[in-house]
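The values are calculated or read from the model by the stated rules, or taken from the named source; none is laboratory data. Quick caveat, the model's predicted, so the values are computed rather than measured. Here the Cβ positions follow ideal geometry from the backbone for every residue, glycine too, while neighbour counts run over all protein chains shown. Protein only, heavy atoms only, side chains kept; ligands, DNA and RNA dropped before computing areas. Shrake-Rupley method; radii C 1.70, N 1.55, O 1.52, S 1.80 Å.
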Amino acid sequence: MATVEITKDNFRKTYEENDIVILDFWASWCGPCMNFIPVYEKVSEDFPDIVFGKIDTEMEKELAQHFSIRSIPTIMVIRGGYEVFYQPGALYEEHLRELIQKVQDLDMDEVIKKLEAQDAEESQ
């Protein structure tokens with residue numbers, strides 16, 4: 001699958017309707033962002049069941065603010081509606097592929113249990 005443009009209008013629908021969504025927060029003036037584009041595009045072609053979204057932080061300031069994006073590029077992965085990875089900085093192709101494998105291998109029942117326990121602990 002080629003990358004898709006994510007906006008505030010399609011963000012919720014995108015993560016609700018797809019198990020794994022990888023987001024690249026970027027801007028056209030950002031050199032590292034522009035260098036990462038070919039890597040991101042290439043890897044997206046090998047994983048048709050994963051959504052590879054691009055969020056232009058200049059055009060989608062609300063989304064960038066909502067996720068406290070302070071450095072670009074920033075990569076975020078959402079699986080099953082849960083944010084499971086967030087990291088500023090571009091990734092090498094091999095690291096992006098390793099990340100995808102780790103996200104695919106996650107036991108989401110276990111992840112959800114841990115998050116619920118964390119939330120319960122924080123609310124006490």
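Scanning segment 71-98 for residues that are open to solvent by 60 Å² or more (accessible area, probe 1.4 Å) and at pLDDT 95 or above yields a total of 8.
Selection of first residues in segment 1-17 that are within 19 Å of Phe67 (Cα to Cα) and of second residues that are of a type in the set (Asp, Glu) and open to solvent by 100 Å² or more (accessible area, probe 1.4 Å), restricted to Cβ pairs under 7 Å at least 6 apart or on distinct chains, gives the following pairs, ordered by first then second residue: Lys8/Glu62.
Considering segment 24-63, and only residues there that are buried (at least 18 other Cβ atoms within 10 Å of the Cβ) and polar (S, T, N, Q), the residue that is nearest to Asp9 (Cα to Cα) turns out to be Thr57. Just wondering, is there one or more residues in segment 99-122 that are at pLDDT 95 or above, of a type in the set (S, T, N, Q) and within 21 Å of Asn10 (Cβ to Cβ)? Checked segment 99-122: no residue is at pLDDT 95 or above, of a type in the set (S, T, N, Q) and within 21 Å of Asn10 (Cβ to Cβ).
Taking every residue in segment 19-42 that is part of a helix (DSSP H, G or I) and pairing it with any residue that is among the aromatic types (Phe, Trp, Tyr) and open to solvent by 10 Å² or more (accessible area, probe 1.4 Å), at least 6 positions away or on another chain, the pairs with Cβ-Cβ distances below 7 Å are Cys33/Trp26.
Residue-wise test of (1) in contact (Cβ under 8 Å) with a residue 40 or more places away in the chain; (2) outside any strand (DSSP E or B); (3) more than 14 Å from the chain's Cα centre (by Cα).
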site: Leu63; (1), (2), (3): yes, yes, no
site: Met76; (1), (2), (3): yes, no, no
site: Val84; (1), (2), (3): no, no, no
site: Glu116; (1), (2), (3): no, yes, yes
site: Glu121; (1), (2), (3): no, yes, yes
site: Gln124; (1), (2), (3): no, yes, yes
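Val111: among the β-branched types (Val, Ile, Thr) and under 13 Å from the mean Cα position of the chain (by Cα), yes or no? Judged against the criteria, Val111 is not a match.
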